[in-house]
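Student: Handing you a structure now.
All of the numbers you see were taken from the coordinates with simple rules; none came from a lab. All values derive from a computational prediction rather than experimental measurement. Cβ coordinates were reconstructed from backbone atoms using ideal geometry, including for glycine residues, and neighbour counts include every protein chain displayed.
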Ligand code: SF4
Ligand code: SF4
């Protein structure tokens, strides 16, 4: 069994109370880390939720979501590769 220890390059904050459950972000997410929840939000929709890991920070879900403020994408600041940092020292 292999374990992926690399940190995720991004993360998302889903505003489940604004979500209309259209599923566009779920379909569009390349690593498939979004899904529609079993529960209902205040509008009676199944909101999209994040699996909690595996996001690449690509931003595709943000661009396909028709709801303003439905999704916030956070990108992790990338650290320079060790060898590049050493070469520049
Ligand atoms: S930013 Fe990209 S990888 Fe992350 S949840 Fe959205 S579509 Fe998926
Ligand atoms: S695209 Fe937006 S409105 Fe549609 S399911 Fe995803 S978060 Fe909800």
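Student: 7 Å from Cα along Cα→Cβ at both residue 28 and residue 75: what's the point-to-point distance in nm?
Tutor: 1.6
Student: Average the reciprocal distances over every distinct pair of alpha-carbons in the range 1-58, invert the result, and give the Kirkwood radius in Å.
Tutor: Kirkwood hydrodynamic radius for the range 1-58: 12.3 Å.
Student: Want the number for residue 13 to residue 39: 0.36 nm per residue separation, take away the alpha-carbon distance, what's left?
Tutor: 7.6 nm
Student: Additional query: What is the Cα centroid distance between the range 61-78 and the range 1-44, reported in whole angstrom?
Tutor: Each part's Cα centre sits 11 Å from the other's.
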